[in-house]
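Q: Encoded as structure tokens, here's the structure I'll be asking about.
Bear in mind these aren't lab numbers, they're just calculated from the coordinates by the rules spelled out. Given the structure is predicted, the values throughout are model-derived calculations rather than measurements. Note that we place each Cβ from the backbone using ideal geometry, even for glycine, and neighbour counts take in every protein chain shown.
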Amino acid sequence: MKPRSFSAFEKDEDGMVNINSKQHWDALVATGNPIVADFWAPCRVSNLVLHQTFVRMNTGDEGVEPIKAALNVTVLPSFRFFNGGEEVGAPVTGYKKDQLEDQVTKLAL
């Protein structure tokens, strides 16, 4: 079966199709194209942010490699924390919710 186009579905700035209804989901599935469904909820950690900037770096981007090397990032995902231009706190590798919340909370104080 020839895949149908996803062009009828609006994508966000990350190239993701956001689904918010069963009707939209059914229409997407009906295209016959391969789909990866990412179910998520707003991050409680982000709600703690007052004066922090969250940055995402795609390690597949060539320009990120020097940053990754300088910070000795060898495990993904890896979260690092900075304040006053210096790295503070312990890095968090993997999705360790409690450790991540703890470090973000410390930055917010």
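Q: Using 1/(1 + (r/R0)^6) with R0 = 22 angstrom and r between the beta carbons of residue 69 and residue 99, what's the FRET efficiency to the nearest 0.05?
A: So the FRET efficiency works out to roughly 0.40.
Q: If R₀ is 35 angstrom, what is the calculated FRET efficiency for the pair residue 76 and residue 23, using the beta carbon separation as r and rounding to 0.05?
A: With R0 = 35 Å, the Cβ-Cβ based efficiency is 0.50.
Q: So, one more: Taking R0 as 30 Å, what's the FRET efficiency between residue 53 and residue 10 from their Cβ-Cβ distance, rounded to 0.05? List each step's numbers first, then the result.
A: Numbers: r = 27 Å, r/R0 = 0.91.
The computed FRET efficiency comes out at 0.65.
Q: Arranged by the count of other C-beta atoms within 10 angstrom, fewest first, what order do 76, 109, 71 take?
A: Taking fewest neighbouring Cβ atoms as first place, the list is 109, 76, 71.
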